[in-house]
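Values in this text are rule-based calculations from the coordinates and carry no lab data. All values reported here derive from a predicted model rather than from experimental measurement. As a convention, Cβ positions derive from the backbone with ideal geometry for all residues, glycine included, and neighbour counts pool all protein chains shown.
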Amino acid sequence: MHMYRSERLWMTLGIAMLVVFLATLTTAALVDGFVPPSHVQSIDPTKVSQTPPFDHPGLRKLGNGSYEAYYVAHIFSFDPQHLVIPAGAHVTFYVTSPDVEHGFSVPETGVNTMVTPGWVSTVSHTFKTPGKFLLVCNEYCGAGHQLMAGNIEVK
């Protein structure tokens with residue numbers, strides 16, 4: 001098969017660019033420590049309501065101002081709907097869903113994660129100032145998506 005010199009040049013340049021890009025990505029991943037998530041929790045989505053601690057979602061105190069909040073995102077509500085947290089508390093949210101993909105977002109705080117059935121999403125935040133914060137689903141989850149909201153009160 002005959003290949004023109006210009007075709008060979010462009011093929012060589014294209015392959016060289018791919019090699020350079022892959023080498024750059026690999027180097028950046030190794031230097032910056034990019035690794036796939038390794039301690040991702042999974043859960044059987046058909047048994048969320050029977051799996052502790054999601055069988056009794058809510059706030060749990062750990063000590064020294066740290067809390068864990070367990071949430072279940074259902075079509076079209078959060079459980080618990082309302083949560084009261086003391087000001088200055090560092091809260092780690094654990095969120096899962098038994099049905100469809102949801103979002104979990106507290107817009108004024110930067111708390112934002114996707115909630116996928118079969119997985120436990122984790123996000124943390126320190127609530128420094130008192131107030132009421134809206135909790136919304138920011139991932140379209142069906143016809144009642146706009147009704148899916150809750151609130152977090154910091155006292």
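Miscellaneous remarks
- Amide H partners (placed H, <5 Å) of Trp119, local residues excluded: Ile43, Ser97
- The alpha carbon centroids of region 97-154 and region 25-92 are separated by 11 Å.
- Between amide H atoms placed 1.01 Å from N, distances below 5 Å from His74 occur with Asp79, all of them 5 or more places distant or on a separate chain.
- Among Ile43, Ile15, Ile75: highest mean-square fluctuation, GNM of the chain, C-alpha pairs under 10 Å: Ile15
- Contact order normalised by residue count of the chain, Cα under 8 Å, 6+ apart, percent: 21 percent
- For the chain, the 222 nm mean residue ellipticity estimated from helices alone, with every DSSP H stretch of n ≥ 4 adding -39500 (n - 2.57) and the total spread over all residues, rounds to -6500 deg cm²/dmol.
- Dipole orientation for region 41-154: of the candidates Pro80, Phe93, Pro130, Pro130 has the Cα lying most toward the positive pole (charges on Cβ; Lys, Arg +1; Asp, Glu -1).
- Residues of region 60-82 falling in the label zone of Thr92, defined by backbone nitrogen less than 13 Å from a point 7 Å along Cα to beta-carbon, are 60-63, 66-70.
- Tail beyond 27 Å, pair distance distribution of the chain (Cα, percent): 41 percent
- Here each label is just a point 7 Å from Cα along the line to Cβ, and for Glu153 and Asp99 those points are 2.6 nm apart.
- Cα-centre dipole for the chain with unit charges at Cβ (Lys and Arg positive, Asp and Glu negative), debye to 20: 340 debye
- Across region 104-115, rounded Karplus estimates of 3J(HN,Hα) from the backbone phi angles (6.51 cos²θ - 1.76 cosθ + 1.60, θ = phi - 60°) give 9, 9, 10, x, 6, 10, x, 6, 7, 8, 8, 10 Hz, Gly and Pro being marked x.
- Label-to-label distance, nm, for residues given as His56 and Thr113 (7 Å Cα→Cβ offset): 2.2 nm
- Least to most buried among Trp10, Trp119 (fewest other Cβ within 10 Å first): Trp10, Trp119
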